[in-house]
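Since the structure comes first, as structure tokens, the remarks are kept for the end.
The values are calculated or read from the model by the stated rules, or taken from the named source; none is laboratory data. It should be emphasised that the depicted structure is a prediction, and the values quoted were computed from it without experimental measurement. Virtual Cβ from ideal backbone geometry, glycine too; neighbours counted across all protein chains shown. SASA here: full protein model, heavy atoms, side chains in, ligands and nucleic acids out. Shrake-Rupley method; radii C 1.70, N 1.55, O 1.52, S 1.80 Å.
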Amino acid sequence: MTVHPLPWDHERLVVRRGRRSGVTTMVAIHSTALGPALGGCRMKAYDSLDEAERDVLRLSAAMTDKCAVAGMDFGGAKSVIALRPGQRLDAGQRHAVLLDHAELIASLDGQYLAGPDIGTGPEDMLVLREHGAPAFCVPESAGGIGSSSGPTAQGVLAALRAASEAVFGTPDPAGRRVVVCGFGSVGRLVASGLAGAEVTVSDVTEQAREDARYLGYAWAEPAEALALDADIMVPAAVGGVLGKNTVLTAPLIVGPANNQLVDDGVAETLAARGIVWVPDYVASAGGVVYTVAREVEGLDHAAASARVAAIGDVVSALLSDSAARGTTPLAEAAALSGRRLDGVRTAVV
């Protein structure tokens, strides 16, 4: 095991080459100030380990803010299974790397609680749990909630409606031109919840194109989607898509993709251009809010869904405060997160 010097303000970054699979896995724990650290397990190919480490560090920091702003008593973390470019795993190899990752997570003594993310799902979480790693969202047959895509999409839609009311004067998306960039499990559910809107979708896969046509959505190539003439842009795929020179026409951006901004300074650029951007870690919190409500607090579906719907109230407050103070929604969200974390630190002192 390699234990790296603590980067930024993270508490821990642990990187290990799996003894069974030979695949490098890692866990970044950003903060446990509010409680054990939550975060998804991402399995994807990276060009280098440096790229994988940068990803896990930034994602884990965003999880701290996500939990804090959502009012949960959990910290932020993330884990990554870093495949090599072009690497494909057969069933046996996948099982081996999950065992290696479970071993790494279990060694952290409950500080990190895993969940699904890009490249992993409920069945993978079951493998982790069965081999000593605390994990959420195992299949319903095993006592979990299964996929959190539905609650995540519900939270995005709640955020979108609240932001639409602030920007357009009505929460109803009917008649709005909406572009959903990423037609995966969450993006599809968001698109289906936009009744009456003119929805265009985009994705990198041919299957997504076929599905979009079957479902009656307009289609855009990924390279063109962000610049389409639209009222609302929904980033629902990869991060790092919004830079200072990105061509955008939509006055409102709200979606579930993690780390949408190339860097935090882009929030100021967007605001200066009259574009309202709802911080991704606010809009995408529905999955973790619902999961904790069901699997930790034991709430039923209706009560947990009500918690997710409250994301709209959070977005309304952030946009109201940013307008009143001349700040960005990101600055207000960061301030809210900071107040929660500072309150805990003050109480401990």
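Annotations
- Of [x] 126; [y] 226; [z] 141, the label for volume of the Cα convex hull per residue in Å³ derived from the coordinates: [z]
- In sequence order, the stretch 150-162 has phi-based couplings of x, x, 4, 5, 4, x, 4, 5, 5, 5, 5, 5, 5 Hz under the Karplus curve 6.51 cos²θ - 1.76 cosθ + 1.60, θ = phi - 60°, and Gly or Pro positions carry x.
- Residue-normalised accessible area of the chain, given per residue in Å² at a 1.4 Å probe: 42 Å²
- Local net charge near Asp55, Cβ-Cβ under 9 Å (Lys/Arg +1, Asp/Glu -1): +3
- Nearest-0.05 FRET efficiency for Arg17 and Ala174, computed from C-beta distance (R0 41 Å): 0.20
- Long-range HN-HN contacts of Leu83 with modeled amide H, under 5 Å: Lys44, Ala45, Tyr46
- When only the Cβ of Lys, Arg, Asp and Glu is charged (+1, +1, -1, -1), the dipole of the chain relative to its Cα centre reaches about 380 debye.
- Under 13 Å, Cβ to Cβ, from Ser79 - net charge with Lys/Arg +1 and Asp/Glu -1: -1
- Counted over the stretch 6-163, the DSSP beta bridges are approximately 50% antiparallel.
- Counting only Cα atoms, the size of the stretch 135-209 along its three principal axes is 44, 31, 17 Å, in decreasing order.
- Shown in residue order for the stretch 25-34 are the 3J(HN,Hα) couplings computed by the Karplus curve 6.51 cos²θ - 1.76 cosθ + 1.60 at θ = phi - 60°: 10, 8, 10, 10, 9, 7, 7, 10, 4, 8 Hz (x for Gly and Pro).
- Overall form of the stretch 1-152 per C-alpha gyration tensor (a/c, 1.5; a/b vs b/c): oblate
- Only protein atoms count toward the accessible area here, which uses a 1.4 Å probe; on the chain, the carbon and sulfur part of that area reaches 52 percent.
- Loop-located chymotrypsin sites (Phe, Trp or Tyr not before Pro) across the stretch 1-94 with a Cβ neighbour count of 11 or fewer within 10 Å are Trp8, with loop assigned by DSSP.
- Amide N of the stretch 26-56 lying under 18 Å from the label point, which is placed 7 angstrom from the Cα of Glu123 along Cα→Cβ: 41-44
- For the chain, the mean residue ellipticity at 222 nm estimated from helices alone is -13500 deg cm²/dmol, where every DSSP H run of n ≥ 4 contributes -39500 (n - 2.57) and the total is divided by all residues, rounded to the nearest 500.
- Residues whose amide H lies under 5 Å from that of Ile145, counting only those 5 or more places away or on a different chain, are Cys137, Val138; hydrogens are built 1.01 Å from N in the peptide plane.
- Signed unit charges on C-beta, dipole axis of the chain, positive-most listed residue Leu128, Thr32, Ser107: Ser107
- Shape category assigned to the stretch 209-349 from the gyration tensor of Cα positions, a/c cut at 1.5: oblate
- Summing charges over neighbours of Cys137, with a neighbour being any other residue whose Cβ is under 12 Å away from its Cβ, gives -3 when K and R count +1 and D and E count -1.
- Computed from the C-beta positions of Val204 and Leu299, the FRET efficiency with R₀ = 35 Å rounds to 0.45.
- The stretch 45-134: C-alpha gyration tensor shape, a/c 1.5 cut-off, then a/b vs b/c: oblate
- Note on the chain: with a GNM built from Cα contacts shorter than 10 Å, the maximum mean-square fluctuation among Gln93, Gln260, Gln111 falls on Gln93.
- Tilt relative to the chain, helix 311-325 - C-alpha long axis, 0 to 90 degrees, to 10: 60 degrees
- Using a Förster distance of 35 Å, the FRET efficiency for Leu215-Ala272 (Cβ separation, nearest 0.05): 0.45
- In the elastic network of the chain, a GNM with C-alpha springs shorter than 10 Å, the most mobile of His101, His301, His131 is His301.
- Of the GluC sites (Glu not before Pro) found in the stretch 255-349, the ones in coil according to DSSP and having at most 13 other Cβ atoms within 10 Å of their Cβ are Glu297.
- Candidates Met72, Met125, Met233: whichever shows maximal mean-square fluctuation once the chain is modelled as a Gaussian network with Cα springs under 10 Å: Met72
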